[in-house]
Every structure is written in structure tokens, then in C-alpha cells.
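Single-structure report; data block below.
The values are calculated or read from the model by the stated rules, or taken from the named source; none is laboratory data. Just so we're clear, the structure is a prediction, and the values are computed from it rather than from any experiment. As a convention, Cβ positions derive from the backbone with ideal geometry for all residues, glycine included, and neighbour counts pool all protein chains shown.
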Amino acid sequence: MCWYERIYYPRCHHTETPLVRYCHFARNDPGHQCFGAWNYQREYEQLDSECNDCTRRRTNLVRENGLRWRNHTY
Ligand SMILES: [Zn+2]
Ligand SMILES: [Zn+2]
């Protein structure tokens, strides 16, 4: 079985489960598929930021707003 981390982001109520380590079944499989059970190595909460998806979305938003603001100014 493979090991994952579970990160909870209370700010956006999302959970991320990045892979920590493949078991050797998954490592030897071409598609890295694992047929065993998932295991969480550790779980924690990221209190001071949003998940990567939300952070990326927010960054795009800021960039678009910035462009729009610049168009108004010039
Ligand atoms: Zn596995
Ligand atoms: Zn999120």
C-alpha cells in the first residue's frame, strides 16, 4: 500500500492528498497503479493558506484584475 498525506485547508474547506511514497507494487506498475489500501502517513491542517487550486485560481484572478485596472488607467 502507498502512503499519502492528507492536508486540510479550513480556509476553503478543501483537502489535498499528496503522495508521499509508492509501495513497490505501484512502483513496478507502468501506470503506478496500486491495488492495495491507501494509507495516510500523517494528516494536518494548513491554517494560513488555501489549497493549491484555490491559490492558483486567486493568482489568475489578481492578474486579470491587474490588467483590467491598467487598461482603465491608460
Ligand atoms: Zn500501494
Ligand atoms: Zn481550495
Taking the range 1-53 as the region of interest, how many residues are under 12 Å from the mean Cα position of the chain (by Cα) and of a type in the set (S, T, N, Q)? 5
Pairs where the first residue, in the range 39-64, is over 18 Å from Pro10 (Cβ atoms) and the second is assigned to a loop (DSSP other than H, G, I, E, B) and not polar (S, T, N, Q), C-beta under 8 Å, 6+ apart: Asn39/Met1; Asn39/Cys2
What's the number of the only condition in (1) assigned to a helix (DSSP H, G or I); (2) β-branched (Val, Ile, Thr); (3) at pLDDT 95 or above that Thr55 fails to meet? (3)
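Tell me which strands (runs of 3 or more DSSP E) are completely within the range 1-49 and hold 1 or more residues being under 30 Å from Thr59 (Cα atoms) and more than 16 Å from ligand 2 (Cβ to nearest atom), or say none if there are none. Working first, answer last.
Numbers: elements: 3-9, 14-16, 19-21, 39-45.
Counting at least 1 such residues, we get 3-9, 19-21, 39-45.
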